[in-house]
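The values are calculated or read from the model by the stated rules, or taken from the named source; none is laboratory data. This one's a predicted model, so the numbers in the text were calculated from it and none came from an experiment. Ideal geometry is used to build each Cβ from the backbone, glycine not excepted, and the neighbour counts take in all protein chains shown. Just the protein is used for accessible areas: all its heavy atoms, side chains included, with ligands, DNA and RNA removed. Shrake-Rupley method; radii C 1.70, N 1.55, O 1.52, S 1.80 Å.
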Amino acid sequence: MVYYKELKNGIRLVVKQMTGLNSVSMGILVKTGACVETDEEDGLSHFIEHMMFKGTKTMNAFQISDEMEKIGAQDNAFTGKDSTCYYVKSTTDHAERAFEILADIFTGSVFPPEEMAREKGVIHEEISMTEDTPDDLCLDLICEAFYGKTGYGRNILGSHENLEKFSRTDIFSYMEKFYTADNIVIAMAGNIDLSVAENLAEKYFSSYPAKKSAKRDVKIEYAHGSILRMKDIEQVHIALAYPSVEREHRLFDASQIMNGVLGGGMSSRLFQTVREKMGLAYTVYSYLSPYDDTGSLIIYAGVNAANYMKALDAIYGCVEDIRKKDITEGEFLKVKEQMLASNVFSQESTSSQMLLYGKELLYNDRIYDMDKRLRDIKDIKIGDVYDAIDLNFGKDMAAAVVGAAEDPVKL
């Protein structure tokens, strides 16, 4: 059963009741992230997410962790390009206490100056860790190569320089603009009584200020560049990005099937060609990265430096075959079944369902309909996939390479 309610201040609550389980996942989602940041704010969304766990009016950082662990709950958060989420998973009998702590983190954080100084050190190390993790770095750089250094091209972690400048005033100013009632969704999934869920949302969020979010359009300026980051490491990490569809495009699901054939699994063209037949890579795959107003299809591979150009040619060959609409009925039906199964599997995970229902409400202001989702996938025809191919793999691609390569990818 799915329950929905909008509080008087505009905060929305969605609950996916999953009886027969003994746990519940509860999240607070905010429609903001790296894509709305200015140059001065670059990295601030992520810094705020970290600082939320560093002390409230009632608990210090240790007490927050200690209280969660006393009830066996697992709490965490993440920052994306266009959303931020704070969440906790607990047993059903401790759901009320777990949500109380989560709500206190979200509504009562005080951002102690001494904790800010310490946490900046932590994030400096996180930024350095990404620099030392070439596959992560490569996937960050492909966003910059495709979108430039603003909007969806921003690095979520920000820079060392920006991080040092952030103040409590910056935090409060940003939250005043974007942590607003109309930008917040509370999502719960699991074995929780609906009346308990509603009472928790009302108890801890009914007094949240009924304020509208600042309107800041995401700046999209396609860079279509090619970036080479030289590193003295064993592998060369390659990422290619092609223009693709946005989340709500009528051919998004068909594009997902196309991507599944290209690089979505172990029987995909990329995996079978680049890894199994040619032995050029351990890891090679592709995925869609959709947003409200744009999207990209990204291909990644990690290869030995001596095989850089050979692997690149093999990847291009797979792309060209897809461009020619060389997809068999068998491949089409196989990937469709994989998509159906993935959606069914997600129904057995409280965390997946919390995020699924929460994001649908956050992005599209509607309740997720699993039955409709499965029907829509079943209704896809191979002709839809052919139409999707025409919308993907445009000429305005981008590339990023990390490693001991002599030349960037020529576009």
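General observations
- Selection from region 211-227 of residues that are open to solvent by less than 80 Å² (accessible area, probe 1.4 Å), out of contact with any Pro (no Cβ under 7 Å at 6 or more places or on another chain) and of a type outside the set (D, E, K, R): SER213, ALA214, VAL218, ILE220, ALA223, HIS224, GLY225
Residue by residue, here is whether (1) farther than 30 Å from PRO408 by Cα; (2) within 28 Å of the chain's Cα centre (by Cα); (3) exposed (fewer than 13 other Cβ atoms within 10 Å of the Cβ) holds:
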residue: ALA306; (1), (2), (3): no, no, yes
residue: LYS310; (1), (2), (3): no, no, no
residue: ALA314; (1), (2), (3): no, no, no
residue: CYS318; (1), (2), (3): no, yes, no
residue: GLU329; (1), (2), (3): yes, no, yes
residue: LYS336; (1), (2), (3): yes, yes, no
residue: SER346; (1), (2), (3): yes, yes, no
residue: SER352; (1), (2), (3): yes, yes, no
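- Members of region 347-388 that are of a type in the set (Ser, Thr, Tyr) and under 23 Å from LYS81 (Cα atoms): SER351, SER352, TYR357, TYR363, TYR368
- Subset of region 374-392 [open to solvent by less than 10 Å² (accessible area, probe 1.4 Å) and closer than 17 Å to GLU320 by Cα]: VAL385, ALA388, ILE389, ASN392
- Residue in region 180-201 that is over 24 Å from the mean Cα position of the chain (by Cα), buried (at least 17 other Cβ atoms within 10 Å of the Cβ) and of a type in the set (Gly, Ala, Ser) present: yes
- Where helices (runs of 4 or more DSSP H) fall wholly inside region 288-370, the ranges with 2 or more residues that are within 30 Å of ARG12 (Cβ to Cβ) are 329-346, 350-364.
- Beta carbons closer than 7 Å, at least 6 apart along the sequence or on distinct chains, never pair a first residue in region 323-342 that is in contact (Cβ under 8 Å) with a residue 40 or more places away in the chain with a second that is open to solvent by 80 Å² or more (accessible area, probe 1.4 Å) and outside any loop (DSSP other than H, G, I, E, B).
- Breaking point among (1) among the aliphatic types (A, V, I, L, M); (2) surrounded by fewer than 17 Cβ atoms within 10 Å (Cβ to Cβ); (3) under 16 Å from LEU251 (Cβ atoms), for ALA404: (3)
- VAL401 being under 13 Å from LEU240 (Cβ atoms), more than 25 Å from the chain's Cα centre (by Cα) and aliphatic (A, V, I, L, M): no
- Some residue of region 308-322 being more than 27 Å from GLY80 (Cα to Cα), of a type in the set (Ser, Thr, Tyr), in contact (Cβ under 8 Å) with a residue 60 or more places away in the chain and touching a strand residue (DSSP E or B) at 6+ places or on another chain (Cβ under 7 Å): yes
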